[in-house]
């Protein structure tokens, strides 16, 4: 049986890994929104870009806070 502390550390590492993968997803999403805005011009394309950027920055902030909390 593994000690509780070892299991807790393993869960933290897995959580950080999934957060890092989410940052990659948010970055790809931001690029896809930019490509969509280049190919399809809409009056609110700046809003889409802003929401994608805020999403990416929020994921970076949450990841940073999670790293600092370890």
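Answer yes if at least one residue in the stretch 5-14 is surrounded by 14 or more Cβ atoms within 10 Å (Cβ to Cβ), at pLDDT 95 or above and not in a loop (DSSP other than H, G, I, E, B), and no otherwise.
Scanning the stretch 5-14 turns up no residue that is surrounded by 14 or more Cβ atoms within 10 Å (Cβ to Cβ), at pLDDT 95 or above and not in a loop (DSSP other than H, G, I, E, B).
Among the numbered conditions (1) in a helix (DSSP H, G or I); (2) more than 20 Å from the chain's Cα centre (by Cα); (3) more than 21 Å from residue 64 (Cα to Cα), tell me where residue 47 comes up short.
Looking at each condition in turn, residue 47 falls short on (2).
Yes or no, residue by residue, for (1) assigned to a helix (DSSP H, G or I); (2) modelled with pLDDT under 95; (3) more than 17 Å from the chain's Cα centre (by Cα); (4) surrounded by 11 or more Cβ atoms within 10 Å (Cβ to Cβ):
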position	(1), (2), (3), (4)
1	no, yes, yes, no
19	yes, no, no, yes
25	yes, no, no, yes
54	yes, no, no, yes
59	yes, no, no, yes
63	yes, no, no, yes
66	yes, yes, no, yes
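The values are calculated or read from the model by the stated rules, or taken from the named source; none is laboratory data. Worth saying up front: this structure is predicted, and the values here are computed from it rather than measured. Using ideal geometry, Cβ is built from the backbone for each residue, glycine included, and neighbour counts are taken over all protein chains shown.
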